[in-house]
Amino acid sequence: MKNIQISIITLTKNNNLKFLNTLLSIRSQIRSFEIEWLIIDGSNKIQYNKNKNLIKKYLIEIDKIDIKNINSKKENIEGIFPCMNYAKSISNGKFIIFLNSGDTFFDNNSLNIYFKKSLKATSNRSLIFGQARIIANKNIIWYFPGKRLKNIKKWIKYFEPNHQTMLISNKLANQFNFKIKYNIISDGYWKRKILDNAGEVIYIKTPLVNFFLDGVSSSKPSKKILKELIINDNISFLRKFIFIIKYL
């Protein structure tokens, strides 16, 4: 495969049911273009083999998809952000997107919407993002950015989109790494760097990703870290609210 358009990066660890949900979501996507799926798997040996079997069962017949199932322990990579840095560094797609274990695309046309927008990108440092449907539980669901948002340029000054909704040109994504020393706020730091250095930002005003607050992307902060986040003036009120929900 020489014309990979999008690299999907998935982190997973010992959660085959959530991993299967992500796998089936990728499998259901309507597309005619080539994609790459990089799975950085930190599971134990038994679960790692189960995940490989799931891939063979559901994706072996799918054309135009290059699958790399990487055992992070063999690569001597530990932690979410080191794994994300490694995955994007070896990605071959023109654009990359992080869809971690448990997260899913909003519907079967989401990836196709991303692809069509990527064809219109005019910069090799482009960022394309849409709305995230954030699911805390059956009774708490909201969209980010909100459906009534009118001024996306103003919104970007104060907020960052969920990284699950961010389709980023490979050059821009690899211009910056997730800073491991920043721990739980490393994600916000990286996103702000991407936003501030993007040659263009394209916003798609429609839900494209389901983000579950119990997924691998939503590790629960300790009480000490939560206190540090709450008093940090550089973190938006919305992000503080999300961290409080994760903690609870």
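The values are calculated or read from the model by the stated rules, or taken from the named source; none is laboratory data. Owing to the predicted nature of the structure, the values given are computational and were not obtained by experimental measurement. Positions of Cβ are backbone-derived with ideal geometry, glycine not excepted, and every protein chain shown enters the neighbour counts. Accessible surface areas use protein heavy atoms only, side chains included; no ligands, DNA or RNA. Shrake-Rupley method; radii C 1.70, N 1.55, O 1.52, S 1.80 Å.
Take every Cα pair under 8 Å whose residues are at least 6 apart in sequence, average their separation, divide by the length of segment 1-89, and the relative contact order is 36 percent. In straight-distance terms, cross-link reach from Lys227 covers every one of the lysines whose alpha-carbon lies under 30 Å from its own, apart from those fewer than eight places away in the same chain; here that gives Lys13, Lys18, Lys138, Lys154, Lys157, Lys179, Lys181, Lys191, Lys193, Lys240, Lys246. A crude spin-label estimate for the pair Lys154 and Lys56, with each label 7 Å from Cα along the Cβ direction, gives 5.6 nm. Computed over protein heavy atoms with a 1.4 Å probe, the carbon and sulfur contribution to the accessible area of the chain reaches 51%.
Considering only alpha-carbon pairs that sit under 8 angstrom and 6 or more positions apart, the relative contact order computed for the chain is 23 percent. Of the chain, which part is the longest with no trypsin sites (Lys or Arg not before Pro) in a loop (DSSP not H, G, I, E, B) and with at most 11 other C-beta atoms within 10 angstrom? Maximal segment without exposed cleavage sites: 151-248.
Looking at the chain, the accessible area is 51 square angstrom per residue; that uses a 1.4 Å probe and ignores ligands, DNA and RNA. Along the charge dipole of the chain, pointing to its positive end and built from +1/-1 on Cβ of Lys, Arg, Asp and Glu, which listed residue (Ser32, Phe211, Leu167) has its Cα farthest out? Toward the positive end, the furthest listed residue is Phe211.
Binning all Cα-Cα separations of segment 154-198 at 5 Å, short to long from zero, yields these whole-percent fractions: 5, 23, 33, 26, 13, 1. By DSSP, the beta bridges lying fully in the chain are antiparallel in about 30 percent of cases. Just tell me the longest site-free run in the chain, where the sites are GluC sites (Glu not before Pro) in a DSSP loop having at most 15 other beta-carbon atoms within 10 Å. Looking at the chain, 79-248 is the longest stretch - no exposed GluC sites (Glu not before Pro) with at most 15 other Cβ atoms within 10 Å.
Shape class for segment 94-214: rounded, because the ratio a/c of the largest to smallest gyration tensor axis (alpha-carbon atoms, square roots of eigenvalues) is under 1.5. With Rh defined as the Kirkwood radius, the inverse of the mean 1/r over Cα pairs, the Rg/Rh of the chain is 0.94.
With the simple spin-label model, which puts each label point 7 Å out from Cα in the Cβ direction, the Lys147 to Ser32 separation comes to 3.2 nm.
Based on DSSP H segments of at least four residues, each scored -39500 (n - 2.57), the chain has a per-residue ellipticity at 222 nm of -10500 deg cm²/dmol. Along each principal axis, taking the top coordinate minus the bottom one, the Cα set of segment 9-93 gives 35, 27, 17 Å in descending order. Straight-line cross-link reach from Lys117 at under 19 Å between alpha-carbon atoms covers these aspartates and glutamates, not counting any fewer than eight positions away in the same chain: Glu34, Glu36, Asp107, Glu200.
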